[in-house]
Amino acid sequence: MSALTPTLSQRERESKAVIQTIGLTREYQMGSVILHALRGIDLTVYQGDFIALMGASGSGKSTLLSLIGLLDRATAGEYFLEEIEVSSLSRNELADIRGRRIGFIFQNFNLLPRFSAWENVALPLKAARRHRPCAGHTTGSDSCRRTHRQSR
Ligand SMILES: Nc1ncnc2c1ncn2[C@@H]1O[C@H](COP(=O)(O)OP(=O)(O)O)[C@@H](O)[C@H]1O
Ligand SMILES: [Mg+2]
């Protein structure tokens, strides 16, 4: 697996590392066998970087994204997200950072079928308590959208 990272100017190099992993390792215990999904990944992503993670099927891309996205914990190694070492944080603290700082676009969308498109979008905002959904308007009605526009 490799990460396609852009060539950085000196100014960008001096900018903040948003993501930094050092020796990030993920092993899965499969009965008596240990499967080494990631063997010590060192990756630095700077503010403003746009990167692609490439590799053969089974090379560990999804595993690494789950760790970077705080959906899973590493077996060993360090992960600094915005300079905070996250491995010692509680599940609630990880969920809080995930809600505020991380966005996922999944291959299979992961939309909740009983919710409208508007409600699917509103749900994480509501969970993050950043945005109060319109009371009594759960389908994204005109009056609800108007309320949002007026409140800006
Ligand atoms: N939950 C799991 N339990 C056991 N092995 C897993 C699990 N998830 C992934 N693996 C193994 O870890 C390796 C990396 O998988 P994955 O990260 O899905 O690769 P990729 O996304 O690059 O195809 C593979 O050998 C896969 O079988
Ligand atoms: Mg994958």
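What the table shows:
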read-out: Sorted by Cβ density within 10 Å, fewest first, the residues L112, L65; value: L112, L65
read-out: Net charge over other residues, Cβ less than 13 angstrom from the Cβ of E85 (K, R count +1; D, E count -1); value: -3
read-out: For F104, F80, order by how many other beta-carbon atoms lie within 10 Å, fewest first; value: F104, F80
read-out: Cα→Cβ-extended label distance, 7 Å offset, between R100 and I51, nm; value: 2.3
read-out: Chymotrypsin sites (Phe, Trp or Tyr not before Pro) restricted to DSSP loop in the stretch 19-66 with at most 12 other C-beta within 10 Å; value: F50
read-out: Cα shape, the stretch 10-101, gyration tensor, a/c 1.5 rule; value: oblate
read-out: Label point 7 Å beyond Cα of A17 along Cβ direction - residues of the stretch 80-94 with amide nitrogen under 18 Å; value: 80-88
read-out: The stretch 56-103: trypsin sites (Lys or Arg not before Pro) falling in loop per DSSP and having at most 14 other Cβ within 10 Å; value: R73
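We did not get these values from a lab; they are worked out from the coordinates using the rules stated. No experiment lies behind these values; they were computed from the predicted model shown. So basically every Cβ, Gly included, is an ideal-geometry build from the backbone, and we count neighbours across all protein chains shown.
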